[in-house]
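Data block below; observations after.
The values are calculated or read from the model by the stated rules, or taken from the named source; none is laboratory data. Because the structure is a prediction, the values reported are computed rather than measured. With ideal geometry, Cβ positions are generated from the backbone for all residues, glycine too; neighbour counts draw on all protein chains shown. When the accessible area is computed, the model is the full protein with side chains, heavy atoms only, and any ligands, DNA or RNA have been set aside. Shrake-Rupley method; radii C 1.70, N 1.55, O 1.52, S 1.80 Å.
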Amino acid sequence: MTQDIQSAVFGGGCFWCIEAVFERLQGVTSVLPGYAGGRTADPTYQPVCSGDTGHAEVIQVEFDPSQISYRSLLAVFFGTHDPTTLNRQDHDQGTQYRSIILYANEDQRREAEAFIDGLQESHAFSNPIVTEVNPLEHFYPAEPYHREYYKNNFEQPYCRFVINPKVEKFEKEFDDLLRGRK
């Protein structure tokens, strides 16, 4: 018996980067880039990039928990960005690039906090984790041209030099979670 599709929201830098990773996971039925965690209704890309809205660039991941667990999504999330840098991923800087988990329910909150505690206790990172864990209040889908950006713009320099190395690293480290590997 298949469980209902669930949703998770993560922000770990540019949403193009994390979308390219999560769309490769078995059990993920959709990945939608967007904005969340801010104070402005119906934000758009330019105001979010200015840092004035308080939103982070995030992805909304729809997944089948009978095929991939929320815990596995957390492992991929923390394994594919630096959760120890405040408001920064690589060359992208600003509050819109902060590390953030926006939970849909108390189970996700508890699991995310326990996962972070485990990473801290094991000293998985040399610096403290600064990832925010907050309730999801609103998710605003990004403009259509942001969707499947890596897939549709593979030859762009940002895709080749920033996203492609992240995807390659992810595919090596999480081979067992890739689509078509079961």
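Observations
- Residue match in the stretch 85-92 (condition: polar (S, T, N, Q) and without any contact (Cβ under 8 Å) to a residue 40 or more places away in the chain): yes
- Only listed residue being small (Gly, Ala, Ser) and within 16 Å of the chain's Cα centre (by Cα), chosen from ALA124, ALA142: ALA142
- Any hit, the stretch 127-142, residues being part of a helix (DSSP H, G or I), open to solvent by less than 70 Å² (accessible area, probe 1.4 Å) and of a type outside the set (Gly, Ala, Ser): no
- Selection of the stretch 1-36 for residues being open to solvent by 40 Å² or more (accessible area, probe 1.4 Å) and closer than 15 Å to PRO141 by Cβ yields SER30, LEU32.
- Within the stretch 85-104, if we keep just the residues that are open to solvent by less than 40 Å² (accessible area, probe 1.4 Å) and charged (D, E, K, R), the residue that is nearest to SER7 (Cα to Cα) turns out to be ARG98.
- Residues in the stretch 37-58 that are part of a helix (DSSP H, G or I) and open to solvent by 10 Å² or more (accessible area, probe 1.4 Å): TYR45, GLN46, PRO47, CYS49, SER50.
- Residue in the stretch 14-31 that is assigned to a helix (DSSP H, G or I), under 15 Å from VAL133 (Cβ atoms) and touching a Gly at 6+ places or on another chain (Cβ under 7 Å) present: no
- Every listed requirement among (1) within 29 Å of GLY27 (Cα to Cα); (2) open to solvent by less than 10 Å² (accessible area, probe 1.4 Å) is met by ASP82 save one, (2).
- Residue match in the stretch 105-115 (condition: over 17 Å from the mean Cα position of the chain (by Cα), of a type in the set (Gly, Ala, Ser) and open to solvent by less than 40 Å² (accessible area, probe 1.4 Å)): no
- Put simply, of ILE101, ILE116 the only residue that is under 21 Å from ALA142 (Cα atoms) and outside any loop (DSSP other than H, G, I, E, B) is ILE101.
- Selected residue (criterion: nearest to the chain's Cα centre (by Cα)) from residues of the stretch 1-13 that are more than 12 Å from PHE77 (Cβ to Cβ) and at pLDDT 95 or above: SER7
- Residue check, PHE154 under 15 Å from GLU19 (Cα atoms), in contact (Cβ under 8 Å) with a residue 40 or more places away in the chain and either in contact with a helix residue (DSSP H, G or I) (Cβ under 9 Å, 6 or more places away or on another chain) or part of a loop (DSSP other than H, G, I, E, B) (or both): no
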